[in-house]
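No value in this document is a laboratory result; all are computed from the given coordinates. None of these values were measured; they are calculated from a predicted model. When we count neighbours, we look across all protein chains shown, and the Cβ atoms used for this are built from the backbone with ideal geometry, even at glycine.
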Amino acid sequence: MEEKMVLRMENITMQFGGVVAVNNLSLDVPQGQIVALIGPNGAGKTTAFNCITGVYQPTNGRVEFMGQTMICSHPTGKMKKTYLGSDKDKFASEKIVNPTPDHVVQLGIARTFQNIRLWKSMTVFENVLVAKHMRAKQNVFSAIFRLNAKEEARMREQTMELLKEQELEQYKDEIATSLPYGLQRRLEIARALATEPKLLLLDEPAAGMNPQETQELADYIREIRDKHNLTVLLIEHHMDLVMKISDYIYVIDFGSEIARGVPKDVQHNKRVIEAYLGVSEDE
């Protein structure tokens, strides 16, 4: 039986001026799997995430989500002459599709960030509730005038259920940024889950964590994947975590793919060892 693809990136290139940050990147993320995108600092991993989530419009390439074209782009204007990437004309005849980040969330993609981005003046409860409003059935008019009290009550109840599930209930009235670092990470993931995603993008979730916290995070990612029927695309520098939880791994360096495969194969790939796995964490 053929695997169902939740996400497919096809020949994605992101060029800034004369710099190609991501070059001709293609990857598949099958339903229910945890797929990792790894590479040295500056390899283009977060740029790739930004192309998926509508933060950047790719210079060239296509992204499909749940079998439908979500993003499509090709060089236009001056970029036609200055384009340095591959497959310049592959998508030239196709319509440009460039969704905004909020539209991408509504389609069913949520993300966390390398540097935690909680709403600093809001409580733990409010951070998750605001995200929950992305799935609200009420319209703008009823939201402004509080006409749909039943809908608001439902979202508040679901927010509390999610906080209980994520073991954050006791902190619900605390200002989000006052929490310890590890709990802020968990809150950011809880906020992403509040949007009821099909695909969860995690950008270095283990950053700043000690070995014990990293081990707990590995179990946690698997747990939320199973409980919420998620597919996960992960960027991470902690190789123990990547090798432990990933079903499949893509490796990029200087914006281009250098390897792909199951963890065992990637771990012993000479190009990967030279480009990334052999680099100390201080570099």
Total charge dipole magnitude, the chain, about the Cα centre, Cβ charges on Lys, Arg, Asp, Glu only, Debye to nearest 20: 1080 debye
Paramagnetic label zone (point 7 Å from Cα along Cα-to-C-beta, residue 19; backbone N under 19 Å) in segment 35-65: 39-52, 55-60
Cα centroid of segment 171-229 to Cα centroid of segment 1-63, whole Å: 22 Å
Cβ crowding within 10 Å averaged over residues, with 216-224, 57-65, 192-200 ranked highest first: 57-65, 192-200, 216-224
Relative contact order of the chain, pairs being alpha-carbon contacts under 8 Å that are 6 or more residues apart, as %: 24 percent
Residue 95-residue 219 FRET efficiency (beta carbon distance; Förster radius 41 Å; 0.05 resolution): 0.40
The chain: calculated mean residue ellipticity at 222 nm from DSSP helix runs of at least 4, using -39500 (n - 2.57): -9500 deg cm²/dmol
